[in-house]
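What follows is one structure encoded as structure tokens, with my remarks underneath.
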Amino acid sequence: MTDRPSVVALGGGHGTAATLRACRHYAGEITAIVSVADDGGSSGRLSEVLGVPALGDLRKCLVALAAPGSDLAAAMEHRFTEGEMAGHALGNMLLAGLIHTEGGLVSGLAAAARLLGVDGTILPATEVPVRLTASGIGGPTTGQAAIARSGGVEEVDLEPSGASSPQAACDAIAAADQVVIGPGSLYTSVLAGVLPRQIRASLQSTSAMKIYICNLRPQLPETAGYSVADHVAALERHGVRPDIVLCDTTSGLALGDTRFPLREEMLAGSNGLVHDPMRLSAALVDLADQHRVKNKGS
């Protein structure tokens, strides 16, 4: 492609990190807007003790866009196994320190990006700590970790509901050519990243092509029995309507009622468990080219 698009990736966890690795191959500008609702593991412990938003998903995205061969990026993924540090990732602690010394979450992330030689911008979905809440068949549930262990979830929300998003995140969505949502845990990563009101409003008003990358298979128990259509229905219940859904059903995920624009591609890696960044990149490039041609003709 001749013109390199501006791409925003939304979500959290390993799924958004895979999307960012794909985006590196074709995007001109990359912005990741990442959920900070995780309350498990090292992220949850640091959030409780230091009052900082969850840092684990932010760390994963920083590492995904770090300069190739970065020793610091490799060290950030190191997880201690002994003593009071057991379970903590070094990168989470580094980020916590930078937030303190730089005077805020966004500025701390920018400092980390400079140290890592990050090719892009990493922003939190909200600037303050938030908790994920859920309702569904099993009744109300609070906390990302508890929700991930639940089945029958129908709706999720954030506490506090009015938590503000960085203006830079809203500006990036407004200026984007392509917004990529997912893949990842549907309720606890993907929707957790798009729930903030300002993010949803920006998604509804942007002229960018909004692409949802569906998971390769249901995640147990969070989305047990879900089809591609069920994933999209959950997005729509929360005010997010993608322009097209990109999916790979070769690992056994059913399509369901495909009334929405859909594109099936071979996206899985060799183990069939995770998305292959090169295959994902090729599909996203093609969609970007189609969107550009359509806009020129309109």
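In this structure, does Arg79 turn out to be in contact (Cβ under 8 Å) with a residue 40 or more places away in the chain, in contact with a strand residue (DSSP E or B) (Cβ under 6 Å, 6 or more places away or on another chain) and surrounded by fewer than 19 Cβ atoms within 10 Å (Cβ to Cβ)?
On the way: in contact (Cβ under 8 Å) with a residue 40 or more places away in the chain: no; in contact with a strand residue (DSSP E or B) (Cβ under 6 Å, 6 or more places away or on another chain): yes; surrounded by fewer than 19 Cβ atoms within 10 Å (Cβ to Cβ): yes.
Here the answer is no, as Arg79 does not meet what is asked.
Restricting to the stretch 108-144, count the residues that are under 16 Å from Pro160 (Cβ atoms), among the β-branched types (Val, Ile, Thr), in contact (Cβ under 8 Å) with a residue 24 or more places away in the chain and assigned to a strand (DSSP E or B).
Selection size over the stretch 108-144: 1.
Quick one: Leu62 ticks every box in (1) buried (at least 21 other Cβ atoms within 10 Å of the Cβ); (2) touching a Ser or Thr at 6+ places or on another chain (Cβ under 8 Å); (3) more than 25 Å from Glu159 (Cβ to Cβ) bar one, so which box is it?
Just one mismatch for Leu62, condition (2).
When the residues of the stretch 143-163 are narrowed to those that are touching a Lys or Arg at 6+ places or on another chain (Cβ under 8 Å) and modelled with pLDDT of 90 or more, which ends up nearest to Ser35 (Cα to Cα)?
Once the filter is applied, the top-ranked residue is Leu158.
Kindly evaluate His238 against the criterion of being under 18 Å from Gly152 (Cβ atoms) and crowded, with 18+ Cβ neighbours inside 10 Å. Walk me through it before giving the result.
Values: under 18 Å from Gly152 (Cβ atoms): yes; crowded, with 18+ Cβ neighbours inside 10 Å: no.
When the stated conditions are applied, His238 does not pass them.
Only residues in the stretch 45-67 that are closer than 10 Å to Pro129 by Cβ count as the first member; pair them with residues that are of a type in the set (S, T, N, Q) and crowded, with 23+ Cβ neighbours inside 10 Å, Cβ under 6 angstrom, at least 6 apart or cross-chain, and list the lot.
Partner pairs satisfying both residue conditions: Ala54/Ser43; Ala54/Ser47.
Can you tell me which of (1) closer than 17 Å to Ala113 by Cβ; (2) surrounded by fewer than 18 Cβ atoms within 10 Å (Cβ to Cβ); (3) among the small types (Gly, Ala, Ser); (4) at pLDDT below 90 is the one Ala74 doesn't meet?
Among (1) closer than 17 Å to Ala113 by Cβ; (2) surrounded by fewer than 18 Cβ atoms within 10 Å (Cβ to Cβ); (3) among the small types (Gly, Ala, Ser); (4) at pLDDT below 90, Ala74 violates only (4).
Might you check whether a residue that is within 26 Å of Ala175 (Cβ to Cβ), crowded, with 21+ Cβ neighbours inside 10 Å, among the hydroxyl-bearing types (Ser, Thr, Tyr) and within 20 Å of the chain's Cα centre (by Cα) occurs anywhere in the stretch 211-233?
Yes - at least one qualifying residue is present in the stretch 211-233.
Would you confirm whether any residue within the stretch 193-205 is more than 20 Å from Asp286 (Cβ to Cβ) and within 9 Å of the chain's Cα centre (by Cα)? Outline the logic, then answer.
We begin by selecting, within the stretch 193-205, every residue more than 20 Å from Asp286 (Cβ to Cβ); these are 193-205.
Cutting the leftovers down to within 9 Å of the chain's Cα centre (by Cα) gives us 193-194.
Among the residues of the stretch 193-205, at least one is more than 20 Å from Asp286 (Cβ to Cβ) and within 9 Å of the chain's Cα centre (by Cα), which makes the answer yes.
For residues that are of a type in the set (S, T, N, Q), at pLDDT below 95 and crowded, with 23+ Cβ neighbours inside 10 Å, tally how many sit in the stretch 164-199. It would help to see each step written out before you state the result.
The first filter runs over the stretch 164-199 and keeps only residues of a type in the set (S, T, N, Q), leaving 164-165, 167, 178, 185, 188-189, 198.
From the residues that got through so far, the ones that are at pLDDT below 95 too are 164, 185, 188-189.
Subset that is crowded, with 23+ Cβ neighbours inside 10 Å: 185, 188-189.
Residues flagged as of a type in the set (S, T, N, Q), at pLDDT below 95 and crowded, with 23+ Cβ neighbours inside 10 Å within the stretch 164-199 amount to 3.
So which residues in the stretch 268-293 are hydrophobic (A, V, I, L, M, F, W, C) and under 22 Å from Ser6 (Cα atoms)?
Of the residues in the stretch 268-293, the ones hydrophobic (A, V, I, L, M, F, W, C) are 268, 273-274, 278, 280, 282-285, 287-288, 293.
Those that are hydrophobic (A, V, I, L, M, F, W, C) and under 22 Å from Ser6 (Cα atoms): Met278, Leu280, Ala282, Ala283, Leu284, Val285, Leu287, Ala288, Val293.
Looking at Leu94, Leu109, Leu115, Leu123, which is the one that is surrounded by 13 or more Cβ atoms within 10 Å (Cβ to Cβ) and at pLDDT below 95?
Details: Leu109 fails: at pLDDT below 95; Leu115 fails: at pLDDT below 95; Leu123 fails: at pLDDT below 95.
Unique residue meeting the criteria: Leu94.
Is at least one residue of the stretch 256-266 closer than 17 Å to Ala18 by Cα and either in contact (Cβ under 8 Å) with a residue 40 or more places away in the chain or surrounded by fewer than 20 Cβ atoms within 10 Å (Cβ to Cβ) (or both)?
Pass one, the stretch 256-266, residues closer than 17 Å to Ala18 by Cα: 265-266.
Remaining after also requiring either in contact (Cβ under 8 Å) with a residue 40 or more places away in the chain or surrounded by fewer than 20 Cβ atoms within 10 Å (Cβ to Cβ) (or both): 265-266.
Yes: the stretch 256-266 contains one or more residues that are closer than 17 Å to Ala18 by Cα and either in contact (Cβ under 8 Å) with a residue 40 or more places away in the chain or surrounded by fewer than 20 Cβ atoms within 10 Å (Cβ to Cβ) (or both).
The values are calculated or read from the model by the stated rules, or taken from the named source; none is laboratory data. Treat the numbers as computed from the prediction; the structure is a model and nothing was measured. A quick note on method: Cβ atoms are made from the backbone with ideal geometry, for glycine too, and the neighbour counts reach across all protein chains shown.
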